[in-house]
Amino acid sequence: MLKVEHISGGYHQTPIIHDVSFQVNQGEFLGILGPNGCGKSTLIKMISGILKPSSGTVAIDDVSIEKLSSRELAKKMTVLPQIQSNAFSTTVRETVEIGRYPHQSGFFSSWSEEDEKAVQKAMELTDVLKYADKNLEFLSGGERQRVFIAQALAQSSRLLILDEPTNHLDIAHQKQILDMIRREVTENGLTVVAVFHDINLASLYCDHLLLMEAGRVRAYGEPHEVIIDRQIMEVYDARISTQAHPEKPKPQMSILPDFDEQTKEKMVSLSNIQKGDDYIAFIADFPLKVLSSAVHNAGLGWYRAFINRTVPPEYDIENVKNEFLHYIVHHGFSPTNTVGMMTAVDTKKAVMKEYPASFGSLIVIVTAGVGNAIDVSHAYERKAFQPIGTINTWVVINGKLSDEAFVQGMMTATEAKSKALQSENVMDKLSNTIATGTPTDSLLIAATQQGEYMQYAGPLTEVGKMIGKGVYEATVEAIQIYKREMEQ
């Protein structure tokens, strides 16, 4: 569809773009990224024919744009510049109608039903139909931006060139406009090239990204090939970290600030434990980084409070999300700052241990009910879900873990728990084999993210050794407490 080959050039004798080449096929969405002053807008001007390159070619459907008349080019390509000026006081409808100019034999002398449908659809897609009779001068910057996008869509060309299309738009309209453009790309084969300042939006909506640096192509490819920590940090001169989007297979970026508000290192200990009538809580004075399989706020995040709550055997697990949220609020905890677990055993009998270590220290807290323990290798033989019996494990570390270390810590703790069940000869009553856990075990790894940085947490690392020792010892003791309770 669009082929850019070795274009260079700039303004007068000042070179801005240096030997840029790329290709966009029909029905693809290309995002152009780069810091201020890297040449993104200049590149757009060259692609659209506003600025002639000193060398190289730009072609649409294998025809150089230099061979096309302005009307022919406008039928193939629609351009939405970064800065829109409206010297005349025109209505929204009149502004959008201008997009149909390339399709007229004279200036609006042959207005057709097709023209009318194109204008109406463009205004509906951009949510500006309600402003149709209003003058542009009375609209906000974001509303005007949507009007100009509608004008570009009304032109009905197969190639759309956009320079910062979400500029001035709030988050709701950013999503609306980009969802709409993405839908046109996917369903109707529209080809789009757009400049973005927002790297996350570009990654989320684009098929390919072109990263520019000082007028040259630094990287080109799918989002995961371009948004790489080292590469983005070098181009933008800013510390960042990337992670996966929660719903789409696209990377997302977080900025890492260089300021530090802490005046001294913060630590936690068993003194952070609080006990309620039916729960045990660990409450820190500052957020800890947490990875957990909890009922409330599972996954990776930053939290100050952890709750392990005793529930009766007949507890209704079908409504657990809403009920647990109500419970947290009722007991004075912040639902957005609390991780919650539940167990059928008495949390007052939780085993709590603290271990000094070379990296800082480690706290382990375990409650264990093994009345319905299972051997995971025989779990497929069970037909009914029997939730009673839970081993809940907290591991809190005064230290700094990588994301990899959090996952390895979970593995190390799980292996230690399984070994404890073996040592205590806890059996799966159905298969008559050694149990490896219960159907509803939950695990939490938390770290203060201060002090010594630990890349790994496998069983032979310093932190892994302490996790293995602590979880094994606490789990054995908790199982023994449970057994004594059952014998009474």
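The values are calculated or read from the model by the stated rules, or taken from the named source; none is laboratory data. Since the model is a prediction, treat every value here as computed from it, not as a measurement. For neighbour counting, all protein chains shown are included, and Cβ atoms are generated from backbone atoms with ideal geometry for every residue, glycine included.
Would you mind telling me which numbered condition in (1) buried (at least 17 other Cβ atoms within 10 Å of the Cβ); (2) in contact (Cβ under 8 Å) with a residue 24 or more places away in the chain; (3) more than 26 Å from the chain's Cα centre (by Cα) Ser89 fails?
So Ser89 meets the others, but not (1).
Looking only at residues that are buried (at least 22 other Cβ atoms within 10 Å of the Cβ) and at pLDDT 95 or above in segment 427-436, which one is farthest from Val395 (Cα to Cα)?
Ala435
Give the residues of segment 73-115 that are among the aromatic types (Phe, Trp, Tyr) and modelled with pLDDT of 70 or more, sorted by residue number.
Tyr101, Trp111
Against the condition part of a loop (DSSP other than H, G, I, E, B) and not assigned by TED's automatic domain parsing to the domain that holds Asn398, how does Glu265 come out, does it pass?
yes
Within segment 431-473, take every residue that is of a type in the set (Ser, Thr, Tyr) and assigned to a strand (DSSP E or B) and give me the one that is farthest from Phe359 (Cα to Cα).
For segment 431-473, the residue satisfying everything is Thr433.
Quick check on segment 343-350. Is at least one of its residues assigned by TED's automatic domain parsing to the domain that holds Ala446 and more than 18 Å from Ile280 (Cβ to Cβ)?
So far as segment 343-350 goes, no, none of its residues is assigned by TED's automatic domain parsing to the domain that holds Ala446 and more than 18 Å from Ile280 (Cβ to Cβ).
Taking segment 389-428, which residues are free of Cβ contacts under 8 Å to residues at least 40 places away in the same chain and either of a type in the set (A, V, I, L, M) or out of contact with any helix residue (DSSP H, G or I) (no Cβ under 9 Å at 6 or more places or on another chain) (or both)?
Gln422, Asn425
What pairs come out if I take residues in segment 435-458 that are over 14 Å from Ala405 (Cα atoms) and pair them with residues that are among the β-branched types (Val, Ile, Thr) and in a loop (DSSP other than H, G, I, E, B) whose C-beta lies under 8 Å away, six or more apart or interchain?
That search, which allows pairs on different chains as well, returns Ala435/Val370; Ala435/Val426; Thr438/Val370; Thr438/Thr390; Thr440/Thr390; Asp441/Thr390; Ser442/Val295; Ser442/Thr390.
Filtering segment 149-179 down to residues that are over 24 Å from the mean Cα position of the chain (by Cα) and assigned to a loop (DSSP other than H, G, I, E, B), which residue is modelled with the lowest pLDDT?
Restricting to residues being over 24 Å from the mean Cα position of the chain (by Cα) and assigned to a loop (DSSP other than H, G, I, E, B), the top hit is Ser156.
Restricting attention to segment 180-191, which residues are within 14 Å of Leu153 (Cα to Cα) and assigned to a helix (DSSP H, G or I)?
Once the filter is applied, which keeps residues that are within 14 Å of Leu153 (Cα to Cα) and assigned to a helix (DSSP H, G or I), segment 180-191 yields Met180, Ile181, Arg182, Arg183, Glu184, Val185, Asn188.
Considering each residue of segment 273-325, count those that are surrounded by 12 or more Cβ atoms within 10 Å (Cβ to Cβ), among the polar types (S, T, N, Q) and without any contact (Cβ under 8 Å) to a residue 60 or more places away in the chain, and give that number.
The number of residues fulfilling the criteria is 3.
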